[in-house]
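Report on one structure; see the data block that follows.
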Amino acid sequence: MTVGIVGAGQLGRMLALAGYPLGLDFLCLDPARDAPAGQVAPLLHGAFTDRRLLRRLAARCEVVTFDWENVPVASLRAMQRGVHAARIAPPAAALACGQDRVSEKRLFAALGIPTTRWRAVDSPADLTAALGAVGLPGVLKTRRLGYDGKGQALVHTRADAHQAWERLGSAPLLYEEWVPFDCEVSVIGARGARGEMVVYPLCGNVHGAGILRLTCAPYGPRRWQQQAARYLRRMLTHFRYRGILTIEFFVRAGRLIANEMAPRVHNSGHWTIEGAATSQFENHLRAILGWPLGSTRALGHSAMINLIGRIPPRARLLALEGVHLHDYGKQPRPGRKVGHCTVVEPTAARRDARARLLAAELAAAVRIP
């Protein structure tokens, strides 16, 4: 049985590595010849919009998924037509919603999931009105193609706002209030073919320069877990979803405020490879193939640290007891996620101590939430 993956980044790579023990084969499509998943699975090299390659992928695979939130929705929908129509999971509608911050905010509101105050901005007049309605400080963001902090500007004054408009205003924008949050969390879960759902323990996340640096799980009080899981189930049900879905939240005074959704396996879930009974990658494959979902039970208290820019000397890392290293096979580059490492400990206190030591070893300036 062959699973197609549109996109062959590190997430596609980890999907393939999770699927091989299950007897699965994989075929990826990506415009980069050196894409990480192409090192472990066959790769069709070409644009995501190449209809010929899309037809080849659809014809050779039982189901097609994706590993990047900005895969063109039109490409996926094209694969659902014709003689070799492919089954796409997660649904293209969820991907389309996640690609537009305004659609995302509207869906959160419709499902009763709290968000920041916001306004759509398509002109300087819209921006002036948004500043009046939402206030300062705020964040001006592109509606589309934003990830890892890209396409965003923090606005403290009206002058800041208009300077940000000059930089970002060639695309439709969204302006939202800046939330002085206490911490950031994410909830990850899966929905299967028969509507069954499983939810992982809540993740506590630390970002730097818009990039995830550290995740600790399980995290936070039980009421946060219950609240986040309730919101996630609403969204999984809304889309009749199949696969892994993630919602990221700000936490302010004990209240969860939705920031964004990710209709795919997620960086903050990498700890599940060693730290959960079933990894997010395996559960994604189980869900999209209609197989029973696996347990999301935590096997301990996990900390995952992203390796940004370069992989430290392997011998130095592997000499540290209990450190699990994942090298994505990427060329070093400033600001690029090139790997991660995970530790799993029996208590949260021991996990946090290990994470501090590991962060120091990696010369990563992170704080434990």
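So which residues in the range 204-218 are in contact with an Asp or Glu (Cβ under 9 Å, 6 or more places away or on another chain) and more than 30 Å from V121 (Cα to Cα), if there are any at all?
If we filter the range 204-218 for residues that are in contact with an Asp or Glu (Cβ under 9 Å, 6 or more places away or on another chain), which is where we start, we get 204-207, 209-212, 216.
If the condition is that a residue be in contact with an Asp or Glu (Cβ under 9 Å, 6 or more places away or on another chain) and more than 30 Å from V121 (Cα to Cα), then G204, C216 are the ones that fit.
For the range 82-109, which positions are touching a Ser or Thr at 6+ places or on another chain (Cβ under 9 Å), aliphatic (A, V, I, L, M) and assigned to a helix (DSSP H, G or I)? Once the filter is applied, which keeps residues that are touching a Ser or Thr at 6+ places or on another chain (Cβ under 9 Å), aliphatic (A, V, I, L, M) and assigned to a helix (DSSP H, G or I), the range 82-109 yields A96, A109. Residue count for the range 225-247 satisfying the condition of being open to solvent by less than 30 Å² (accessible area, probe 1.4 Å) and closer than 21 Å to V179 by Cβ: 6. Look at (1) in contact (Cβ under 8 Å) with a residue 60 or more places away in the chain; (2) buried (at least 20 other Cβ atoms within 10 Å of the Cβ); (3) over 18 Å from F281 (Cβ atoms) and you find that V187 fails only one, number (3). The number of residues in the range 110-148 that are open to solvent by 30 Å² or more (accessible area, probe 1.4 Å), of a type in the set (G, A, S) and not in a loop (DSSP other than H, G, I, E, B) comes to 6.
Number of residues in the range 237-289 that are hydrophobic (A, V, I, L, M, F, W, C) and in a loop (DSSP other than H, G, I, E, B): the value is 5.
Which residues, counting only those in the range 38-75, are within 17 Å of G9 (Cβ to Cβ), part of a loop (DSSP other than H, G, I, E, B) and touching a residue at least 24 places away in the same chain (Cβ under 8 Å)? Correct list: V40, A41, F48, D67, W68, E69, N70, V71, P72.
If you scan the range 317-341, which residues turn out to be open to solvent by less than 70 Å² (accessible area, probe 1.4 Å) and in a helix (DSSP H, G or I)? Break it down into steps so the answer makes sense when it comes.
Going through the range 317-341, the residues open to solvent by less than 70 Å² (accessible area, probe 1.4 Å) turn out to be 317, 320, 322-323, 325-330, 335-341.
Once the filter is applied, which keeps residues that are open to solvent by less than 70 Å² (accessible area, probe 1.4 Å) and in a helix (DSSP H, G or I), the range 317-341 yields only L317.
As a summary of the residue check, G309 satisfies the conditions (1) open to solvent by less than 50 Å² (accessible area, probe 1.4 Å); (2) at negative phi except for the one numbered (2). Given the criteria part of a strand (DSSP E or B), among the aliphatic types (A, V, I, L, M), open to solvent by 10 Å² or more (accessible area, probe 1.4 Å) and within 20 Å of A129 (Cβ to Cβ), does L154 qualify? Answer is yes for this residue. Cβ-Cβ distances below 6 Å connect the following pairs, each with a first residue in the range 255-282 that is over 17 Å from L325 (Cα atoms) and touching a residue at least 24 places away in the same chain (Cβ under 8 Å), a second residue that is open to solvent by 10 Å² or more (accessible area, probe 1.4 Å) and among the aromatic types (F, W, Y), and a separation of six or more residues or different chains: I257/F250; N259/F250.
In the range 282-297, the qualifying residues are those that are of a type in the set (G, A, S) and under 15 Å from V63 (Cβ atoms), and the one that is most open to solvent (accessible area, probe 1.4 Å) is G290.
Output the residues belonging to the range 268-277 that are in contact with a helix residue (DSSP H, G or I) (Cβ under 8 Å, 6 or more places away or on another chain) and open to solvent by 10 Å² or more (accessible area, probe 1.4 Å).
Looking only at the range 268-277, we keep the residues that are in contact with a helix residue (DSSP H, G or I) (Cβ under 8 Å, 6 or more places away or on another chain), and these are 269-270, 272-273.
Matches in the range 268-277: I273 only.
Residue pairs whose Cβ atoms lie under 9 Å apart, sitting 6 or more positions apart in sequence or on different chains, and linking a residue in the range 298-325 that is of a type in the set (K, R) to a partner that is not in a strand (DSSP E or B), are R310/P332; R310/R333; R310/P334; R310/R336; R316/E361. In the condition set (1) modelled with pLDDT under 95; (2) open to solvent by less than 40 Å² (accessible area, probe 1.4 Å), R314 is compliant with all but (2).
The values are calculated or read from the model by the stated rules, or taken from the named source; none is laboratory data. Bear in mind that the values here come from a model prediction, so they are computed numbers and not experimental data. When we count neighbours, we look across all protein chains shown, and the Cβ atoms used for this are built from the backbone with ideal geometry, even at glycine. Protein only, heavy atoms only, side chains kept; ligands, DNA and RNA dropped before computing areas. Shrake-Rupley method; radii C 1.70, N 1.55, O 1.52, S 1.80 Å.
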